[in-house]
Each structure stands twice: as structure tokens, then as C-alpha cells.
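The values are calculated or read from the model by the stated rules, or taken from the named source; none is laboratory data. Predicted model only: the values in this text are computed from it and were never measured. FYI the Cβ positions are ideal-geometry reconstructions off the backbone, even for glycines, and counts take in every protein chain you see.
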Amino acid sequence: MFEFLSLPFMQRALVGGELVAVIAGIVSPILLFRKMSFMSVGISHGAFAGIALGILLGISPMWTAIVFAMALGLFIGFVSKTGKLSEDATIGTFFAFSMALGIFLIDISKGYHPDIMGYLFGDLLAISLSDVYFSMIILFITLTWYFFRGRAVVYSTFDEDFSRIVGIPVDIDYYIFMAVASLVTVVAVRFVGVILASSIMIAPAAASKMLSKQFSNVILLSILFGMAAVLGGIAFSFYTNIPSGPSVVFFVTAIFMVALGIKWSKNFARS
């Protein structure tokens, strides 16, 4: 049944994809509970502008994507805090600009860039060993952040005023979280592409939230759902010869719909 995993490139795809599922599963529930789901859309489009800048300058697109996306994430946070706007309102203003900037930079860069489709829609089966190592580094950073500051961010998510009273540095934690969320989104972009990154960032957490009220369970279910979607998507992509990015998103959406059906059935049983 899993003979496709004997292939080295499939093993890299599985390991890298599962790492992304774990990373996204840790961060995305916080985005969801803070009503910042649109954040992943804005940052992924910002990452595209960074990728285009890297192509134009002839340097590694992922490094410029990281810098550009994190800068955009921090700027969104700054504008939201100082302008008293919701993050989604700020993101809605800048994400289209970021995409337009990326298209402009690609247009003025010399030569033909066939790999741009991979950045837009992702290709898990084409990732390198260095991509897997990169994901491991981001996982370490994410776990370190969650271990030291994650609980405080969760507290401020549900009661910011009380968090300030007890001495939690809410504003500092907020900006650190925006940077971490931006970094995680860039990793998702590398594996499933700019267009599809928001799905793997949000759908598993949304499905988990419908099935559990306890925050720790939401994180655990989000990780498990993401990992299941990656495994199913890679297998489906291999046997049907369709792109891996959309295949993973199909499974993520299917999990969401199943969770929605369970939620509806429970509501119906109570009524």
C-alpha cells in the first residue's frame, strides 16, 4: 500500500510535508482564535513579492521571501496596533499590493522563469534535502517560541487586559508572534505554494475547533489533521499523477468537511 515511500523523493516529500503540518498545527490555532485567519493569505502573497525580488537579484528566493514576509508581518502588526485596525483590514490593504509587486518584479527580471509555477502552486515531490533541513530549523524555532512564550500568547489571546495586569508583555509577544507566524507561512509556501498555503495553515485548525473546545486539543487535532492530509495528498498525487499541492489541499478540505458534518450532526441531535 505504501510502496511509493521506497522512493527517495517521496520520502523527502513526506518528511518535509509532515514537518510543515506540525509547524502549522502549532501556530494556526492561535491565528484562528485571534480572528487572524486572513493573515496567512496576506503573508503568503507577501512571500511571493520576496520570491520575485530574489529572482530579480539572482539570489535565493526563499531567503528574500523570509525577509520580505517577516517585514510585512511586523508592519501589519504595527499598523494594526497604532492605527487601531483589525489585522484582517490591514492585510486586505497590503496583500494585493504584495502580489502586484511580485508580478511587476517578475516581469522586469530577465529571462524565462519556469519555476515560478512551483512557487505559486507548490510541488512537494520536488523538494530537496536542504528544504527538509530548513523545515527542521523552523520547527525548532517554533517549538522554542511556543515553549517559552506560547502560553503567554494564548492567555493574551483570550484576555488581553488581564494579561497586561499580571505583567505579561503583551505587545512584545504580539510582534514576536507575528514574526513567527510569518516565518511559518513562508515554509508552507515553499511546500504547497503561494496560492494554497492558507489552506494548510487554516483548514486543519478550523476543523479541530469544530470538534473540541479545549485549546490544547485543538492544537493536537490540528497537527494530526494536517499530517493525515499530507500523507493522503502525497499518496493520491503519486497514484493519480496530479500536482501534490492541490492534492494535499483536497484532503485538507475533505477533513474540514467531515468535521463540519460531525458538528452539524451534533447540533441536530441536541435540537
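Within the stretch 147-196, the set of residues being among the polar types (S, T, N, Q) and in contact (Cβ under 8 Å) with a residue 12 or more places away in the chain comprises 156, 157, 182, 185. Residues in the stretch 74-87 that are under 18 Å from residue 47 (Cα atoms) and out of contact with any Ser or Thr (no Cβ under 8 Å at 6 or more places or on another chain): 75, 77.
Close Cβ contacts (under 9 Å, 6 or more residues apart or on different chains) running from residues in the stretch 54-81 that are without any contact (Cβ under 8 Å) to a residue 24 or more places away in the chain to residues that are among the aliphatic types (A, V, I, L, M) and in a loop (DSSP other than H, G, I, E, B) comprise 79/85. Does the stretch 23-50 hold any residues that are among the hydrophobic types (A, V, I, L, M, F, W, C), within 13 Å of residue 187 (Cβ to Cβ) and touching a Gly at 6+ places or on another chain (Cβ under 7 Å), and which are they? Of everything in the stretch 23-50, those that are among the hydrophobic types (A, V, I, L, M, F, W, C), within 13 Å of residue 187 (Cβ to Cβ) and touching a Gly at 6+ places or on another chain (Cβ under 7 Å) turn out to be 24, 43. Scanning the stretch 37-54 for residues that are of a type outside the set (Gly, Ala, Ser) and modelled with pLDDT under 85, we see that the one that is surrounded by the fewest Cβ atoms within 10 Å (Cβ to Cβ) is 38.
Let's see how each residue does on (1) under 21 Å from residue 46 (Cβ atoms); (2) β-branched (Val, Ile, Thr); (3) at pLDDT 80 or above:
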residue: 105; (1), (2), (3): yes, no, yes
residue: 115; (1), (2), (3): yes, no, no
residue: 119; (1), (2), (3): yes, no, no
residue: 123; (1), (2), (3): yes, no, no
residue: 129; (1), (2), (3): no, no, yes
residue: 135; (1), (2), (3): yes, no, yes
residue: 145; (1), (2), (3): yes, no, yes
residue: 149; (1), (2), (3): no, no, yes
residue: 155; (1), (2), (3): no, no, yes
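In this structure, is residue 176 surrounded by fewer than 22 Cβ atoms within 10 Å (Cβ to Cβ) and not in a helix (DSSP H, G or I)? In short, no. Checking each residue of the stretch 231-251 against the condition of being within 22 Å of residue 146 (Cβ to Cβ), assigned to a helix (DSSP H, G or I) and in contact with a helix residue (DSSP H, G or I) (Cβ under 9 Å, 6 or more places away or on another chain) gives no match.
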